[in-house]
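**Q** After the structure tokens below, expect a handful of questions from me.
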Amino acid sequence: MTEFTESEERLALRREVARLASKYGREWFTEKARSGEKTTELWLEIGRHGYLGINIPEEYGGGGGGIGDIAAVCEELAAQGCPLLLMVVSPAICGTIISRYGTAEQKQRWLPGICDGTATMAFAITEPDAGTNTHNISTTARRDGDGWVLNGRKIFISGVDEAENVLVVARTEDTRTGKVKPVLFVVPTDADGFEYRRIPMEIVSPELQFQVFIDDVRLPADTLVGDEDGGLVQLFAGLNPERIMAASFSTGLARYALDRATTYAKERVVFQGPIGAHQAVAHPLAQSKIEVELARLMTQKAAALYDAGDDTGAGEAANMAKYAAAEAACDAADRAVQAHGGNGITQEYGMAGLLVATRAGRIAPVSREMILNYVAMHSLGLPRSY
Ligand SMILES: Cc1cc2nc3c(=O)[nH]c(=O)nc-3n(C[C@H](O)[C@H](O)[C@H](O)COP(=O)(O)OP(=O)(O)OC[C@H]3O[C@@H](n4cnc5c(N)ncnc54)[C@H](O)[C@@H]3O)c2cc1C
């Protein structure tokens, strides 16, 4: 391995995941989405192979690897047309937070199911009124005897219908100072007072988004993850993995779009020679190839820094990677649709669905504007704008 390439072991992991996902493929994935079915088969198969919990410590059923490994899995699945959004949430955000801050008993309780895919965990921070301003969330945890009572509303929460639990970000009020602190709870999706309603989205995906209603949900004390006073740090522990995974999700989708476009451009003939011989078709695809490779490089850098324990360095790189990957993916999808002509917007070719799927990457899990705010402030030293 040189400083600029991944290890042979990582590359082998990529090949194995790509081979596994190619058995399923895009057609299978979109068929599941359109018929309202789930991709559980694929989810459980990657779990059985140890890829789902590859970043989680071995003693809890994981592979003992890093974020770089699970990001590679996420990217290769998407590159085969099978993007699994819940990989960002369950093993990467929830798995990381619980591995780092859960008690031994909590790790034993939740991590093995996250690793083998039998107990997926969703993640809920976004609220209808707070939106991007997550410091403004109003879901509240109130002490009740030995336990807690939770009340609030969440929105755009992915995969609640497939999850056994949701890691919910709430807040408590410090009785001494009155200061509001974020706290994290693992809430079973079948708890009394926990309800969810599907939000119809224009994304062709079996993984869905939900509004969540939390009304007087009673939770035992041992569902609080981490220290009641350490909320923000604990929450941030999941954010770098989240951005690195989101970047990998985007670069994987971009690679899939480009693959399809180049295959088509080599075969489709309307004047003399294939359309790919026209620079007007070839250059935008070449441009995307460069942009995607640059985004992949930054994503790998972010993962390497994170896995080396440099959280601050990883923060800047992860934000930049997520931004670059989302932009590259949107452009790659758009150019791939264009290269297909009219076929680009038929259901048969299934390319147009990539426009919305990649577009979501500019909004979630953190919007491009908030990344630009971060870079302006942290990397350039400009005044805080929000
Ligand atoms: C497909 C999908 C899946 C999701 N899954 C989850 C999930 O599993 N769990 C979860 O908790 N959330 C999830 N989300 C929510 C996602 O994280 C939010 O949509 C996102 O953070 C933006 O919040 P918002 O939609 O409320 O936009 P708003 O906060 O209303 O923002 C609207 C626009 O204004 C811009 N804006 C706001 N403030 C500023 C500012 N200070 N400077 C510049 N621009 C600004 C934003 O960038 C955005 O473009 C998901 C969203 C989508 C689309």
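**Q** Select from Trp28, Leu232, Ile97 the residue farthest towards the positive end of the dipole of the chain; place +1 on Cβ of Lys and Arg, -1 on Cβ of Asp and Glu, and compute about the Cα centre.
**A** My answer, from the dipole projection, is Trp28.
**Q** From the gyration tensor of the Cα coordinates in region 296-357, what semi-axes in whole Å does the equivalent ellipsoid have, largest first, with each one equal to sqrt(5λ)?
**A** Each semi-axis is √(5λ); the values are 34, 9, 8 Å.
**Q** Taking amide hydrogens as modeled 1.01 Å from N in the peptide plane, which residues meet the under 5 Å criterion relative to Val225, leaving out close sequence neighbours?
**A** Here the answer is Leu184, Phe185, Val186, since their amide H atoms fall under 5 Å of that of Val225.
**Q** Determine the dipole magnitude for region 265-386: charges of +1 sit on the beta-carbon of Lys and Arg, -1 on that of Asp and Glu, nothing else is charged, the reference point is the Cα centre, and the result goes in debye to the nearest 20.
**A** 220
**Q** Further question on the same structure: In Å, what is the Rg of the alpha-carbon atoms in region 14-75, and how long is Dmax?
**A** Computed over the Cα atoms of region 14-75, radius of gyration and Dmax are 12.8, 39 Å.
**Q** Residue separation times 0.36 nm, minus the C-alpha to C-alpha distance between Gln287 and Phe236: what's the value? All intermediate terms of the calculation are to be shown ahead of the outcome.
**A** On the way: separation 51, 0.36 × 51 = 18.36 nm, distance 3.41 nm.
The Gln287-Phe236 span can extend by a further 14.9 nm.
**Q** Give the residue from Ile56, Leu85, Leu167 lying farthest towards the positive end of the charge dipole for region 23-172; charges sit on Cβ (+1 for Lys and Arg, -1 for Asp and Glu) and the dipole is referred to the Cα centre.
**A** Leu167
**Q** Would you mind calculating the gained length between Phe271 and Lys23 on full extension (0.36 nm times residue separation, minus the Cα-Cα distance), in nm to one decimal?
**A** Roughly 85.8 nm would be gained on extension.
**Q** In nm, what is the difference between 0.36 nm times the number of residues separating Ser7 and Arg142 and their Cα-Cα distance?
**A** Result: 43.8 nm gained on full extension.
**Q** Right, another one. Dipole of region 238-379 (Lys/Arg Cβ +1, Asp/Glu Cβ -1, origin at the Cα centre): which of Val375, Gly273, Thr299 lies farthest to the positive side?
**A** So the residue furthest toward the plus end is Gly273.
**Q** Any number yet on Rg/Rh for region 124-257, C-alpha, Kirkwood?
**A** Using only Cα positions, Rg/Rh for region 124-257 is 1.00.
**Q** For region 238-379, what mean projected area does the convex hull of the alpha carbons give, in nm²?
**A** With the hull built on Cα positions only, its mean projection is 8.7 nm².
**Q** Something else about it: Cα centroids of region 288-354 and region 212-261: how far apart, whole angstrom?
**A** Taking the Cα centre of each part, region 288-354 and region 212-261 sit 19 Å apart.
**Q** If the only charges are +1 at each Lys and Arg Cβ and -1 at each Asp and Glu Cβ, what is the size of the charge dipole of the chain around the Cα centre, to the nearest 20 debye?
**A** Result for the chain is approximately 1000 debye, rounded to the nearest 20.
**Q** Tally Lys and Arg at +1 and Asp and Glu at -1 over the other residues with C-beta under 14 Å from the C-beta of Phe123: what net charge comes out?
**A** -3
**Q** Indicate the gyration tensor shape class of region 18-142 (rounded, prolate or oblate), computed on the Cα atoms with a ≥ b ≥ c the square roots of the eigenvalues: a/c under 1.5 is rounded; otherwise a/b larger than b/c is prolate and the rest oblate.
**A** In terms of gyration-tensor shape, oblate.
**Q** Here is a follow-up. What nm value, rounded to one decimal, do you get for the distance between Leu44 and Arg218 when each label is placed 7 Å out toward the C-beta?
**A** Each label point lies 7 Å from its Cα, and together they span 3.4 nm.
**Q** Taking 32 Å as the cut-off for C-alpha to C-alpha distance, list the pairs among Lys38/Lys322; Lys107/Lys322; Lys181/Lys289; Lys32/Lys322 that go past it.
**A** Numbers: Lys38/Lys322 27 Å; Lys107/Lys322 29 Å; Lys181/Lys289 44 Å; Lys32/Lys322 27 Å.
Distance filter (> 32 Å) returns Lys181/Lys289.
**Q** Here's a follow-up. Within the set of other residues whose C-beta is less than 14 Å from the C-beta of Gly147, count the net charge using Lys and Arg as +1 and Asp and Glu as -1.
**A** -3
**Q** Something else: Taking the square root of 5 times each eigenvalue of the Cα gyration tensor, what semi-axes in Å does the equivalent ellipsoid of the chain have, largest first?
**A** Sorted largest first and rounded, they come to 36, 22, 21 Å.
No lab work stands behind these numbers, since they all come straight from the coordinates. Quick caveat, the model's predicted, so the values are computed rather than measured. Methodologically, a virtual Cβ is constructed for each residue, glycine included, from the backbone with ideal geometry; neighbour enumeration extends over all protein chains shown.
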